[in-house]
Structures are given as C-alpha cells and as structure tokens.
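Trainee: Let me begin by handing over the structure; questions about it come next.
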Amino acid sequence: VQLQASGGGTVQAGDSLRLSCAASGRTLSIYAMGWFRQAPGKEREFVAYIRWNSGFTFYADSVKGRLFISRDNAKNTAYLQMNSLKPEDTAVYYCAATGRYSGAYDSDRGYDSWGQGTQVTVSS
C-alpha cells in the first residue's frame, strides 16, 4: 500500500485544519490506519487510529476532543480533522496503514506502510 498525506499548512492558534491520507495499491488489504506526528527535536508520537471496516477509533489523550480521525472507504482515504489547534500541535504529521490486527496500534511497529509526512505549523 502506498500512502500520500496532504493538507498541512500554517495556521493560527484556535484554527482548524483537515489532513488527508490517500491510499493506493493493495487497498483491500488495509485493516487499519493511523496518524502520528513528530515535533522538532522529539520522537514520533501516536495521534489517532481507525479500523477500516468497523470505523472503531482510538486517540492519544493529548488530542481527545480536538482531533478526529475518519475514513472514506470508497475513496480509500483517511482524514484527520484538527480543531482548536495549539502551538504544541506543530509537527510533521504522518499517516500509516497496516493489513493486520496489532496490539501495537499506538507504536510505529504496528504499521507496515507510511506516508511521506505533511507539515503543520500553528502560530500563537
């Protein structure tokens, strides 16, 4: 599966932004997708997870109630709706996909394919 992330940009605190992650290739093999982010000088961290068929979602505590993951199966695309953005949300955002169930859905090792990343910058 190949993933293409888009939608990043520079916004002000309190603004909203929607990221997209378009999947191509063996899309029927997708079991779940996730979003991660990496801020300057920090390790990549888990943001959100969604199972492709059921729509079950899971979020990092730091983004609950502000960031929302969704998917459009017909378009083979996952989204990350980001509301009430804060400067600490500034990071490169990556989407990832896996073809199998994994208890490591909040870890890099739980995914098989990664997108190239899209920069989100939130100014105060």
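Trainee: Which numbered condition trips up TYR101, out of (1) out of contact with any Ser or Thr (no Cβ under 8 Å at 6 or more places or on another chain); (2) open to solvent by less than 50 Å² (accessible area, probe 1.4 Å); (3) assigned to a loop (DSSP other than H, G, I, E, B); (4) in contact (Cβ under 8 Å) with a residue 60 or more places away in the chain?
Mentor: Every listed condition holds for TYR101 apart from (2).
Trainee: Something else about it: Residues being under 12 Å from MET33 (Cα atoms) and either part of a strand (DSSP E or B) or open to solvent by less than 60 Å² (accessible area, probe 1.4 Å) (or both): count how many of those fall in region 108-124.
Mentor: Selection size over region 108-124: 5.
Trainee: Quick one: which residue in TYR94, TYR79 is of a type outside the set (D, E, K, R) and touching a Gly at 6+ places or on another chain (Cβ under 6 Å)?
Mentor: Only one candidate passes the filter, namely TYR94.
Trainee: Considering every residue within region 55-66, establish whether at least one is among the charged types (D, E, K, R) and under 12 Å from the mean Cα position of the chain (by Cα).
Mentor: No: zero hits.
Trainee: Against the condition without any contact (Cβ under 8 Å) to a residue 12 or more places away in the chain and among the polar types (S, T, N, Q), how does SER29 come out, does it pass?
Mentor: No.
Trainee: Please list, ordered by residue number, the strands (runs of 3 or more DSSP E) wholly in region 1-97 having 2 or more residues that are surrounded by 21 or more Cβ atoms within 10 Å (Cβ to Cβ) and in contact with a Phe, Trp or Tyr (Cβ under 9 Å, 6 or more places away or on another chain).
Mentor: 2-6, 17-24, 32-38, 45-51, 67-72, 77-82
The values are calculated or read from the model by the stated rules, or taken from the named source; none is laboratory data. Everything numeric in this text was worked out from a predicted model, so none of it was measured. Counting neighbours? That spans all protein chains shown, and the Cβs are built from the backbone with ideal geometry, glycine included. Areas reflect the complete protein model, heavy atoms only, side chains present, ligands, DNA and RNA absent. Shrake-Rupley method; radii C 1.70, N 1.55, O 1.52, S 1.80 Å.
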